[in-house]
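Contents: one structure, followed by commentary.
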Amino acid sequence: MPALTLKGIFKRFGKVQVLKGIDLEVNHGEFCVLLGPSGCGKSTLLNITAGLFKQEAGTVLIDGQPVDHLSPRERDIAMVFQSYALYPHMTVAGNLSFGLRMRKVPKQTIIEQISETAQLLGIEDLLDRKPSELSGGQRQRVAMGRALVRRPKLFLLDEPLSNLDARLRANVRLELKRLHQQIRGTIIYVTHDQIEAMTLGDRVVVMKEGEIRQVDLPKVIYSEPQDTFVAKFIGSPEMNLYQGEIIHKENQVSFKGNGFMLELKGVGKEIEQGEAELGLRPEDIEIGADPARLPVKVEITSHVGSENFIHGRIGNETITIRVSKDEYPKPGSEVFLKINPNRIHLFRGGLRHPLVKL
Amino acid sequence: MTRERIENGIILGLRITGMIFFFIVVAFPFYWMIVSSFKPLEEMLLNPGNLGLSINKINFKAYYEVLFEHDFSRYIFNSLYVSIATVLLSVSLATIGGYAVTRLHFRGQKVMSLSILLIYMFPAIVLVIPLYVLFSKMGLRDSFHVLILVYLAQTLPVALYMLRSYFQTLPVELEHAGMIDGCSRLGVILRIVVPLSAPALATVALYTFMIAWNEFLFAFMFLDSPEKFTLSRGVVQLADSVHLSKQLVMAASVMVSIPIIILFFVFERHLVRGLTAGALKG
């Protein structure tokens, strides 16, 4: 039985249809990430799961039981907010114990659970402080602690790292992953940051405009995006995507783009001719000096330290290519493309088109 | 002389003029009131122009007489009762109402929120006569409860308005967190909203207390039996009485004004914080 089931969830705010029929199952102990650009409805979905918003249609089930009629406090969930929402008038200990006190847990148990949680998060020294006396990272921990201390059925995390600076965020991300492996709780995690989604998620749910576009392992989301939106959204720098058409010429299948023609070696003739979109990830392209291949005019080369990126033109289109840190073609020069045929993505009508390999 | 020095000179001049004006208009009558209240009657009659007060001539006879012979001890109690009841009711109703128009969504919420201050379109003097007739016919006139009801109607709009503005600055996530942590809506109000709004609540309480304590018009119209008089009503009673002895009226006036002044200075710091806290989210 899944820990959380969402069935046909619809929600509108005024005239805006925010959620257009969401179906999702999250298993016990799973770290499920809801990923999407701002305004895609992911936070709304989380709030509906928590019972803070009411959906127009659809059902939320926790452990197989419908909870639509239950208030947030009866759903046995915990939530970590983007702003942390720590109670400013209570100490850290007060914040941690609030939920337990509301549930009339015996005092001795509260003390034990607080010290256990504080230890887990390394905030034992902060228990007497007020939230205003804490740093951003410490507040984040306390917010996590407030969720953890109750051991609820479901953890709902709404962009919990977005208020931290970049370095801290990377550390806390790792800690969060470690924490999840330790407690094995079911986590629904909302973010717009694909790196968080890819590194944290057991499964990633990509959303756009109130719909789920793809639910998969992070690896699969990356290697087999189901549509052009997911393809563009995941990966940095983003995938090169070209409008064009598939052409059969003699024994060769080619892609004719705007001002260039690319031979698709290794693609069988089973693929029909006609309009299509071709996707190439920057790291799936190699460059060489073989002038028989497609030329790229280099415009900018940028260093990232561990690697370099070439920004250039093929035909009338732009292209981004990742190369090793030692390769540094000069702007204005020409390089020649070498493409790994197993790594090309083809889309038709916006959806992934299977490639039959020879 | 530079331009800046001329400007500064003008500003200083204006400031001094302002201070003198304030002193004459406000501080001097106040001073006169206090000084007169401590003088024996003969002194006032013999030397009416004497502004000073010699220490060895200070006497509290006027206060004693006002308190115990003219029943002001009872009036103080009455005023306290009416004012505190008004404060308690006004603050609790404004908390619930202000919260409702801020956070709950119901039909007419916007209209209600906007029309809170509408009652101020009607001056008290317009209302007092119809209310007088109404309460007389209902036989409710000569009672504290009617007075409290009227004061409530007078203070509640501003109280609601102030609290609503303050509640709007509280992050809604805090309330969501409270609900998830196990609070009911009322629990959220009592355990999260109220403690966080303490400065605003203190401001509203002080404001309500001042209005109720100082109010004269309705007390004058509605209260008939002397044992139910509030302080301000009592002072007028005293001033109207046949044997007009000034220092008694002065002593009574001091008793009306001092508590408010003390309260104001005690709460002043919180008051300012409450008024600005809305602009700067804490």
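We did not get these values from a lab; they are worked out from the coordinates using the rules stated. Just so it is clear, the structure is predicted and the values come from calculations on it, not from any experiment. Positions of Cβ are generated from backbone atoms using ideal geometry, with glycine treated the same way; all protein chains shown enter the neighbour counts.
Taken residue by residue and averaged, Cβ atoms of other chains lying within 10 Å of the Cβ of B:163-175 number 2. Across chain A, the volume of the C-alpha convex hull divided among the residues equals 173 Å³ per residue. Cβ-to-Cβ counts within 10 Å put A:R150, A:R293, A:R75 in ascending order as A:R293, A:R75, A:R150, the fewest first. Were the residues from B:S165 through B:Q109 laid out at 0.36 nm apart, the gain over their Cα-Cα distance would be 18.7 nm. Run the paramagnetic zone check for B:F77: 7 angstrom along Cα to Cβ, then residues of segment B:125-166 with backbone nitrogen under 20 Å. In segment B:125-166, the label zone of B:F77 (backbone N under 20 Å from the point 7 Å along Cα→Cβ) covers B:142-148. Summing charges over neighbours of A:M239, with a neighbour being any other residue whose Cβ is under 15 Å away from its Cβ, gives -1 when K and R count +1 and D and E count -1.
One chain, two ends: A:R12 and A:R313. Fully extended at 0.36 nm per residue, the span grows by 104.1 nm beyond their Cα-Cα distance.
If you sort the three axes of the alpha carbon gyration tensor as a ≥ b ≥ c, you get a/c under 1.5 for segment A:8-85, which makes it rounded.
Cross-link partners of A:K20 among aspartates and glutamates, defined as those whose alpha carbon lies under 17 angstrom from its own and excluding same-chain residues fewer than eight positions apart: A:E56, A:E209, A:E211. Taking Cβ atoms as reference points and 15 Å as the exclusive limit, the residues near A:E250 contribute a net charge of +3, counting Lys and Arg as +1 and Asp and Glu as -1. Structural descriptor for chain B: relative contact order 30 percent, calculated from alpha carbon pairs under 8 angstrom and at least 6 residues apart. Net charge of the neighbourhood of A:G14, taken over other residues with C-beta under 14 Å away and scored Lys/Arg +1, Asp/Glu -1, is +3.
With 24 Å as the limit on Cα-Cα distance, the pairs of A:K107/A:K130; A:K297/A:K338; B:K57/B:K228; A:K11/A:K177; A:K42/A:K153; A:K54/A:K177 that go past it are B:K57/B:K228; A:K11/A:K177; A:K54/A:K177. Our summary gives chain A a relative contact order of 15 percent, counting only alpha carbon pairs under 8 angstrom and 6 or more residues apart.
Rounded if a/c is under 1.5, else prolate if a/b beats b/c, else oblate: with a ≥ b ≥ c from the C-alpha gyration tensor eigenvalues square-rooted, which is chain B? Oblate, because a/c is 1.5 or more while a/b does not exceed b/c. When a/c is below 1.5 the answer is rounded, else prolate if a/b is larger than b/c, else oblate, so apply that to segment A:151-219 with a ≥ b ≥ c taken from the square roots of the Cα gyration tensor eigenvalues. It comes out oblate by the Cα gyration axes. Computed from the C-beta positions of A:A57 and A:S302, the FRET efficiency with R₀ = 60 Å rounds to 0.80.
Mean partner shielding of peptide A:148-158, defined as the number of other chain Cβ atoms within 10 Å of each residue Cβ, is 1.
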